[in-house]
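Every read-out reported here was derived from the displayed coordinates using simple, explicitly stated rules and does not represent laboratory data. Since the structure is predicted, the reported quantities are computational estimates derived from the model, not experimental observations. When we count neighbours, we look across all protein chains shown, and the Cβ atoms used for this are built from the backbone with ideal geometry, even at glycine.
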Amino acid sequence: MDNTENEKKYWRSIEEWKSLSEEFNATTKDQEKPGEFLSSPLKEDTGRDGHSRREFLKLMGASFAMMSASACTRRPIEKIIPFARKPEEITAGVANWYASTCRECSASCGVLVKTRDGRPLKFEGQPTHPDSQGGLCARGQASVLNVYDPDRLKAPALVKRQGQSQEQSWGQIDEAMTQVLSQSKSGGNRVRILTGELASPSALALIENFLKGFSNAQHITYEVLASEEIAQAAELTYGKRVVPHYRFDQADYILSFGADFLGNWLNPVEFSKAFSKKKKLGKISGNGSKISSRFVAFESLLTLTGSNADERYSIPSGEEYKVALAFAHYFILEKKWSAYQSNPIFQDTLAGYSIKNVSEKLGLPQAQMTKIAEELWAKRGKSLVLGGGHQTKGDHGLYLELAVNLLNTVLENEGVTVDGSVSWLPHFSSLQRLKDLIAEMKAGQVDVLIIHQLNPVFSFPKTLGFEDALKKVAKIYYLTDRMDETAKVVDYALALSHATEAWGDASSRVGVWSIQQPTISPMYSTRSLEECLLVWGKGLGEKSGFFSHSSWHDALQWNWKQNLGSAFDWEDILRNGSVKTGPATANGAPARNFSATAMKVIPATPSWNLNQFRLVIYPKIATYDGRHANNGWLQELPDPVTKITWDNYFMISDQDSKNMNLREGDKIRLSLLSSARDEIELPVHIQPGLKEKTCGVALGYGRTSAGRVGNGVGVQALHLATLEQRTLSLSALPIKFEKIPGHAELACTQRHNSMEGRPIIKETSLKKYQKNPKAGNEHHEHLTTIWPEHKYHGYRWGMAIDLNSCTGCSACVIGCQSENNIPVVGKSFVITNREMHWLRIDRYYSGRTDQPEVVHQPMLCQHCENAPCETVCPVLATLHDHEGLNQQIYNRCVGTRYCANNCPYKVRRFNWFTFTDVVEPLNLAFNPDVTVRTRGVMEKCTFCVQRIQDAKDHAKDRGTPVQDGELKTACQQSCPTDAIVFGNLNDPQSRVSQISKDPRGYHVLEELNVRPSITYLTKIRNTEHESTTSSHS
Amino acid sequence: MSASGSSDSNQSHSKWGPFQFKYALIGIVVLFILGNTFYTLRKVGNNQGYAPKQPIPFSHKLHAGDNGIPCLYCHSAADKSKSASVPPVNVCMNCHSVVKTDSPFIKQVKEHYDKNIPIEWIKVHDLPDHANFNHKRHVAKGVACETCHGNVKKMDVIEQDQPLTMGWCLDCHRGKTAPEHLMRAPENTPRNSGIEAGSVAPTSCYTCHH
């Protein structure tokens, strides 16, 4: 049985790759690392809860003595505190779900908020939302923790720019505000409102109405990470400032230049949904499809999206647009396929960018490039070219967008896969308007500045000069949820409500309206921006429109009625959460006309200065621009690619690290090539998939006033950004760096297990799969067992995970954390491998270090039939149940950890300390249906047994068995790509039984004969790339 | 040394010298402490007979017994939820806005209602946090409230009637102590319920512990 696929060598880190190539055992090297032996569980100083070993023994002695001395023990008195006046809709112990909208970023996905006893407990995707369709990203899932953030601002405060706050009542604030605003109104003073990208149509209308009363007032929108280049390029090429709607559901061929559309570019949840649907094969697709879309990526840093590409090419940062132009050159000048061939503008701009020239300069395989071009042309009208995002911020990003627009037009995708008729966001970020504002501020012309949430002192790079300009503003009002960096230098810090505490709405794109319902009354004395403006507007004597309503709830309802007309049904809106009013986009939109003169912006003669180190400042999936820095779940979420938590770091390619003699964790001092200002010191992380001279560092770190979790995590790198002619540049920044003494341990979660050459991941190419659906999965173990088989009369729960759909986005990790009360352990414990995630995503590399192929594999308790953990537990704390679940009973567990040692999948987690001992009110985020575990207890994935019990409970009420699809585990629910299917394996008709029988299905570590309940489906790469089709040597 | 040693042994008339007596005494004390410890440990957490004083002396005997108010009138979630629910003050006020409004305790209740301040009742039937008990399922099955809560109709002060230990739960689930109408022959056990042969209710750990 020849099975070359499984001989493919996977490596998990650079060290491992080296050892593979040197045929040298890496583990011995790993063990030399300092910190690896930090992990003595009884080390006296590691007791986070304050009890060292000696103290613990003393306490134990004392408590036994007391136990025998006092004859009777009474448990602590607990209280039952029912409502004084119970709201009708609340039943103790029964969850209420509210349809709402996630407001953590401007993608505005629909959510369902689970509440118990009036407090939000979990965010889940809203299946009826037209865009997000039930998916929700990691940040959205983690949003619920922000409600209970102990460091929230609890009341408005007078700050007086000295960092010392003095609490005030909203009445006092309103009075002062009305006075200031009415002076401005009568005196013609300048009033400015600065916000991030607001996706709320009602809030935007309210701001507009509010500012109308003033003779000189403006609303400025700016976010560093907003996709302004797309809108700018659209204006140049099509004459209208639009961020189009990308139709992944229509695209059979996707070519991306750095766009991290599965990670955090525009609307990743919607894109992941649509992208993965085109990748579903066999039984999981529902129709036995054997056709998959093809996705080719060119990018500088290895993004989550790039890691899911069928073919990925690393290129130096800043060169993306040249590659895009090379394809345009091929279509227009070389093959003369396009009508643009005779246009002299294209002759001029494209002449220097032939595939031959670009491939040679950037070290790309020319034959492969030509092949991609031919494929693209064959798929014209059904392909999608994307560019931009966080890796290509800067003028070169604008060139890239122009090239991308040209390619989409030439390839006839315009109007089909690129829908420019509906804009993604109603209000765009504008750097020019921000620059104008800063100039005004510097000139002392701004009298009132209202800032909403942005935290500009932290999130705007110094080069913009915003912080200095603030000093010249007469009055600054800042709506914020915490005393952050900006709150310390304003006049008033106004406490802002969380999205679950206030009414609002959002529009993920024009034509889609979704409601934001409060699910808890504000925990503190807080308000939303809309509530503030409504009160202030009324204070100024406004009486019409929004201001004719007594509350924001009424005003919001009125605005929806105005806009939706006959589609307005308030009850229905509250029930469903979202309404689609826009045109049905299934048939495509009219193609926009491409203006050739736009191409003149691009430099006609390419410069090839590839010898400098180039830095990309990028946002991480979890922490984004730093707004979520105080969220422990997100800080501890391993980066999907690097698997590092709690830090930012200097990413460098393997080749450069050798040349510079740098090792993982070494410290470097980094600054721009042009000036030594804003020097930063960072630890080095050697990252596969980078071209030589390309480096990366994450922004959003180095917060100083985020709160107890986020303060002092990582280093602020944003100040290295520079202003270019048209844009703010965060990428291709020329830098210099030097090694400095010191070593830092990065809290990486990928070290503690290795594949050891076993076929944990199985993959093959699409061609091979089409010939033989079992390709890559030919070899199966057929072993007999000495144990008696389990018999299942009722349900037998099982799961199937499609490795071809899983993108590694890690939404499931946070979904699981939220559902199952999984604690955050902190950086030092992650370093000692004590993270508690029940579900982790393993990431494996294969192939060359500069262009690796990547696979992501969710790994959780496999609920084995012959579970090795069950046979070694001396107290029967883990045992098999009658529905195929591997039970872990906390109250029986005595903490021997034999089970964890005997688990081949390493999915069991031990509570070394009472990690769940959280600061109030974070305890309110605990799920009351799941036991909160204490020190000394083993825990692991339960297949969300509380959800199983709940589903069975409802089924028993109905008198029928649990229906297929009715019951979803938390990870399955949160998955934006529907890679996880859960259900009853005893029902041959259930989806999970069907999928488990797919020829692609295999069990991890079959040779151990533990018979897992989880079936994985092989990864199918749509490529003929040699590393997938032959083994790496 | 050896001579004096032998003279010592010759001098002792009885086995029970002061040393032996001391050891025996220590032995008895140790045995007593150990016995006491085991006896205590056996009952640790078992609050049978617990009848704490409540903030307002509510009499189940008067309400459920003498006046015959059904349990579900006040504990309205018992057939809808895991939790039986203790009534909010507004349920008290359904009657007590007109009944016995001059009683000092009812005045206290009314004050709670008017000021919207909950009454903090002391929990009597307190299962450990790692045990999930579902009232709804038991009510739906026809287990009487009295089976676990005792004859509440006769209790002036509510008290814990049954041990509420895991063994006690399992005795019922295994059919040893289950009420007559729930007893059934093993062959009648529905195939889909996952109930062991001979039992009347599921006995797997995850039924309650998750």
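Going from the residue with the fewest nearby Cβ atoms within 10 Å to the one with the most, A:PHE458, B:PHE58 rank B:PHE58, A:PHE458. Note on B:LEU34/B:ILE122: beta-carbon distance plugged into 1/(1 + (r/R0)^6) with R0 of 51 Å gives a FRET efficiency of 0.95. Cβ crowding within 10 Å, taken as a proxy for footprinting-reagent exposure, orders B:SER83, A:SER675, A:SER551 from fewest neighbours to most as A:SER675, A:SER551, B:SER83.
With a threshold of 25 Å on the Cα-Cα distance, the over-threshold entries among A:LYS79/B:LYS154; A:LYS185/A:LYS240; A:LYS86/B:LYS110; A:LYS280/A:LYS379; A:LYS277/A:LYS767; A:LYS212/A:LYS393 are A:LYS185/A:LYS240; A:LYS212/A:LYS393.
Checking the Cα-Cα distances for A:LYS283/B:LYS141; A:LYS435/A:LYS543; A:LYS122/A:LYS279; A:LYS154/B:LYS107; A:LYS940/A:LYS1019; A:LYS771/A:LYS906 against a 32 Å cut-off, the pairs over it are A:LYS283/B:LYS141; A:LYS435/A:LYS543; A:LYS154/B:LYS107; A:LYS771/A:LYS906. If the limit is 26 Å between Cα atoms, which of A:LYS488/A:LYS538; A:LYS580/B:LYS80; A:LYS114/B:LYS115; A:LYS442/A:LYS488 go over it? Table pairs above 26 Å Cα-Cα are A:LYS488/A:LYS538; A:LYS580/B:LYS80; A:LYS114/B:LYS115. Once you reduce segment A:690-708 and segment A:517-531 to the center of their Cα atoms, the two points are 32 Å from each other. Report note on the peptides A:107-119, A:650-662, A:385-397, A:604-616: ranked by the mean count of other C-beta atoms within 10 Å, highest first, their order is A:385-397, A:107-119, A:650-662, A:604-616. A straight chain from A:GLU89 to A:TYR524 at 0.36 nm per residue would run longer than the Cα-Cα distance by 154.3 nm.
Taking other residues whose beta carbon is less than 14 angstrom from the beta carbon of A:THR349, and scoring Lys, Arg as +1 and Asp, Glu as -1, yields +1.
Counting Cβ atoms of other protein chains within 10 Å of each residue's Cβ and taking the mean over peptide A:947-958 gives 3.
Taking 7 Å steps out from each Cα toward its Cβ at B:LYS100 and A:SER675 produces label points 8.1 nm apart.
Taking the fewest neighbouring Cβ atoms within 10 Å as the starting point, the ordered list for A:TYR238, A:TYR253 is A:TYR238, A:TYR253.
Applying 1/(1 + (r/R0)^6) with r as the Cβ-Cβ distance of B:ASP79 and A:HIS553 and R0 = 41 angstrom yields a FRET efficiency of 0.75. The calculated FRET efficiency for the pair A:ALA439 and A:TRP97, based on their C-beta separation and a Förster distance of 51 Å, comes to about 0.55. With both labels modelled 7 Å from their Cα along Cα-to-Cβ, the A:LYS462 to B:PHE19 distance reads 8.3 nm. The Cβ shell under 13 Å around A:SER100 holds other residues with a net charge of 0, Lys and Arg each +1, Asp and Glu each -1. The coefficient of translational diffusion for the protein assembly as shown, derived via Stokes-Einstein from the alpha carbon Kirkwood radius under 25 °C and 0.890 mPa s, stands at 73 µm²/s. The modelled label-to-label distance between B:THR177 and A:LEU564, using points 7 Å beyond Cα along the C-beta direction, is 5.5 nm.
Of the beta bridges in chain A, as assigned by DSSP with both residues counted there, near 55 percent are antiparallel.
Lys and Arg at +1, Asp and Glu at -1: add these up for the other residues within a Cβ distance under 14 Å of A:ALA604 and post the number. Once positives and negatives cancel, what remains is +1. Mean partner shielding of peptide B:82-93, defined as the number of other chain Cβ atoms within 10 Å of each residue Cβ, is 5. By a straight-distance test (C-alpha under 19 Å), which aspartates and glutamates pair with B:LYS22 as possible cross-link partners, with residues fewer than eight away in the same chain excluded? Leaving aside aspartates and glutamates fewer than 8 places away in the same chain, those within reach of B:LYS22 are B:ASP8. Let me confirm one metric for peptide A:889-902, namely the mean number of other chain beta-carbon atoms within 10 Å of its residues' beta-carbons. If you average over the peptide's residues, the count of other-chain Cβ atoms is 2.
Roughly how many Å is it from the Cα centre of segment A:90-105 to that of segment A:408-474, as a whole number? So the two Cα centres are separated by 33 Å. Segment A:ALA367..A:GLN341, full-extension length gain: 7.1 nm, with 0.36 nm per residue of separation and the alpha-carbon distance subtracted.
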